[in-house]
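Chemist: Just dropping this structure here.
The values are calculated or read from the model by the stated rules, or taken from the named source; none is laboratory data. Note that the structure is a prediction, hence the values are computed from the model and not measured. Heads up, the Cβs are rebuilt from the backbone with ideal geometry, glycines too, and the neighbour counts pull from every protein chain shown. Calculation scope for accessible area: heavy atoms of the full protein, side chains included, ligands and nucleic acids excluded. Shrake-Rupley method; radii C 1.70, N 1.55, O 1.52, S 1.80 Å.
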Amino acid sequence: MATASPPAQPASAQRIPFRVRLHRFWQRVTEGLELTQLWSQFETEARSSYRLYSRDVAAKTPEGLTHRGRNLHVVKEFFWAVLEKLSPARRVLLLAALIMLVFPSSSFSYHDSENNFHVVELELHFWGGLLMFLLLMLEIADRVVMKRDLQIAREIQTWLLPGAPPQIPGISIAYTTRPANTVAGDYYDVFPRPGKTSEDNRVVFAVADVAGKSIPAAMLMATFQASLKTLSTAQVALPELVADMNKYACSNSQGGLRFTTAFLAEYDTARRIFHYINAGHNNPILRRTSGLIERLDVGGLPLGIQPEAKYESANVALAPGDWLIIFTDGLVEAENARQEEYGEARLLNAISMAAASTPSEMLKRLIAELDLFVGSTPQHDDVTCLLIKAESL
């Protein structure tokens, strides 16, 4: 008599081999990154974290210590630099966990109601590890919340920056920014500024760098953008516009501590002339078709230092083939693992090598060369670059 075979199990219920499950787990943990990529990421994050703590250590290390005394002092200050970045409650958790890990076991005795003697052994290693895990979970929760808020802030900041480069007669442009953190203190913009008549219409070019980084700098960047867009609607000359922006910046600069360097220009499309003011910013590079280099350095102090500061302006005409490169200090001060700066010499060489290309092509080449130079070294400042090339009408 034939017996019926058991029904086949669905594919989802079939046992998945251990190697497959292990591979899936590893892919989920690493997000598909290779070991070399993981090591590079760890190295970058370790250097960034060390730099965060070492600033506090260096600031509190006195001169004149012996080699041994300096080492002990550095260890002590590094410990405090880590501890002080935690809340008081989490400091207590960390200290308790460290004590339990140093003293692996403990015991205590007692007599019960029947006068029997008992000894209880405690494995402090386990409880110390458990406290460390609890502390890690609390820190991760904070990081997740902060990361979500920073991502929202980055999206808002992206809305404040221009999208695709506008079409402007006589010139082609390209721009980019790369924040050192999730949000940046650098700002760039290109927008029209209507005049009293059509002949007075101009295009505003702005690149600015707020002192500092991350959220405080990003908030001041937003106020800079708002003040520029608002004050630009007034029918005033560029020096008066910059002076008004400086007065507004002084009211939000904490006594000059949060100043802003800026390069502001108006482009006359009919005469192909830039009318500009350099407010303490890195001098933009004007490269003529002959290879001659000029620097746009006329202006005054950074915005937010002196309320009554005066600003001078200057004009510069562009001929077909001329390049104007406006950038922030994060570009030329980017460092590699040997703490060498990228520098303006490398920037000038890269511009010269790509002079026949378009702004978008040159921008890609500049960023690629910068990445190759920096490698895995953490970026310590925002990088912004705006390229302008004069074309034939």
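Chemist: Please indicate, with yes or no, whether at least one residue in the stretch 189-199 is surrounded by 10 or more Cβ atoms within 10 Å (Cβ to Cβ), of a type in the set (D, E, K, R), over 30 Å from His380 (Cα atoms) and at pLDDT 85 or above.
Modeler: yes
Chemist: Mind listing just one residue for me: the one in the stretch 262-280 that is among the hydroxyl-bearing types (Ser, Thr, Tyr) and under 30 Å from Asn252 (Cβ atoms) and, of those, surrounded by the fewest Cβ atoms within 10 Å (Cβ to Cβ)?
Modeler: Tyr276
Chemist: Could I ask something else about it? Could you list, in sequence order, the residues of the stretch 201-231 that are open to solvent by 40 Å² or more (accessible area, probe 1.4 Å) and in contact (Cβ under 8 Å) with a residue 60 or more places away in the chain?
Modeler: Matches in the stretch 201-231: Asn201, Arg202, Lys213, Ile215.
Chemist: Somewhere in the stretch 384-393, is a residue open to solvent by 10 Å² or more (accessible area, probe 1.4 Å), at pLDDT below 95 and farther than 17 Å from Leu286 by Cβ?
Modeler: Scanning the stretch 384-393 turns up at least one residue that is open to solvent by 10 Å² or more (accessible area, probe 1.4 Å), at pLDDT below 95 and farther than 17 Å from Leu286 by Cβ.
Chemist: Here's another thing I want to ask about it. I'd like the full set of residues that are among the hydroxyl-bearing types (Ser, Thr, Tyr) and modelled with pLDDT under 85, limited to the stretch 249-286. Write out each step before concluding.
Modeler: Just the residues of the stretch 249-286 that are among the hydroxyl-bearing types (Ser, Thr, Tyr), to begin with: 251, 253, 260-261, 267, 269, 276.
Within the stretch 249-286, Ser251, Ser253 qualify.
Chemist: Let me ask you something else. Taking Ile140, is it open to solvent by 30 Å² or more (accessible area, probe 1.4 Å), under 30 Å from Ala368 (Cα atoms) and part of a helix (DSSP H, G or I)?
Modeler: Details: open to solvent by 30 Å² or more (accessible area, probe 1.4 Å): yes; under 30 Å from Ala368 (Cα atoms): no; part of a helix (DSSP H, G or I): yes.
No; evaluated as a whole, the condition is false for this residue.
Chemist: For the structure I just gave you, tell me whether Met146 is outside any loop (DSSP other than H, G, I, E, B) and in contact (Cβ under 8 Å) with a residue 12 or more places away in the chain.
Modeler: Taking the combined requirement at face value, the residue does not satisfy it.
Chemist: Name, by its number, the condition in (1) within 30 Å of Thr377 (Cα to Cα); (2) surrounded by 10 or more Cβ atoms within 10 Å (Cβ to Cβ); (3) among the aliphatic types (A, V, I, L, M); (4) at pLDDT below 75 that does not hold for Leu65.
Modeler: Going through the list (1) within 30 Å of Thr377 (Cα to Cα); (2) surrounded by 10 or more Cβ atoms within 10 Å (Cβ to Cβ); (3) among the aliphatic types (A, V, I, L, M); (4) at pLDDT below 75, Leu65 breaks only (1).
Chemist: Confirm whether Glu312 is closer than 23 Å to Thr260 by Cα and within 30 Å of the chain's Cα centre (by Cα).
Modeler: no
Chemist: Consider Gly163 carefully, then state whether it is surrounded by fewer than 11 Cβ atoms within 10 Å (Cβ to Cβ) and closer than 30 Å to Ser392 by Cα.
Modeler: Yes; evaluated as a whole, the condition is true for this residue.
Chemist: Filter the stretch 357-383 for residues that are within 29 Å of Thr289 (Cβ to Cβ) and not in a helix (DSSP H, G or I); which is most open to solvent (accessible area, probe 1.4 Å)? Walk me through it before giving the result.
Modeler: Filtering the stretch 357-383 down to residues within 29 Å of Thr289 (Cβ to Cβ) leaves 357-373, 383.
When the remaining residues are screened for being not in a helix (DSSP H, G or I), the result is 357-358, 383.
Details: Ser357: 22, Thr358: 60, Val383: 8 Å².
Per the criteria, the residue is Thr358.
Chemist: Condition check: farther than 13 Å from Thr384 by Cβ, open to solvent by less than 70 Å² (accessible area, probe 1.4 Å) and touching a Phe, Trp or Tyr at 6+ places or on another chain (Cβ under 9 Å). Does Ala153 satisfy that?
Modeler: no
Chemist: Against the condition open to solvent by 30 Å² or more (accessible area, probe 1.4 Å), in contact with a Ser or Thr (Cβ under 9 Å, 6 or more places away or on another chain) and in a loop (DSSP other than H, G, I, E, B), how does Asn283 come out, does it pass?
Modeler: no
Chemist: Since Arg258 meets every condition but one in (1) surrounded by fewer than 15 Cβ atoms within 10 Å (Cβ to Cβ); (2) in contact (Cβ under 8 Å) with a residue 40 or more places away in the chain; (3) over 16 Å from Pro194 (Cα atoms), which condition does it not meet?
Modeler: (1)
Chemist: In addition: Out of Gly185, Gly129, Gly163, which single residue is over 21 Å from the mean Cα position of the chain (by Cα) and at pLDDT 75 or above?
Modeler: Numbers: Gly185 fails: over 21 Å from the mean Cα position of the chain (by Cα); Gly163 fails: over 21 Å from the mean Cα position of the chain (by Cα).
Result: Gly129 is the single residue among Gly185, Gly129, Gly163 that is over 21 Å from the mean Cα position of the chain (by Cα) and at pLDDT 75 or above.
Chemist: For the stretch 300-325, which positions are within 19 Å of Leu386 (Cα to Cα) and surrounded by 16 or more Cβ atoms within 10 Å (Cβ to Cβ)? Show your work before the answer.
Modeler: Going residue by residue through the stretch 300-325, those that are within 19 Å of Leu386 (Cα to Cα) are 315-325.
Matches in the stretch 300-325: Val316, Leu318, Asp322, Trp323, Leu324, Ile325.
Chemist: Go through the stretch 326-356 and give me each residue that's within 17 Å of Ala368 (Cβ to Cβ), open to solvent by less than 20 Å² (accessible area, probe 1.4 Å), at pLDDT 90 or above and not small (Gly, Ala, Ser).
Modeler: Across the stretch 326-356, the qualifying residues are Phe327, Leu331, Val332, Tyr342, Leu347, Ile351.
Chemist: Right, next: Tell me the residue from Trp80, Trp39, Trp26 that is open to solvent by 90 Å² or more (accessible area, probe 1.4 Å), within 21 Å of Leu138 (Cα to Cα) and modelled with pLDDT of 70 or more, please.
Modeler: Testing whether each residue is open to solvent by 90 Å² or more (accessible area, probe 1.4 Å), within 21 Å of Leu138 (Cα to Cα) and modelled with pLDDT of 70 or more leaves just Trp80.
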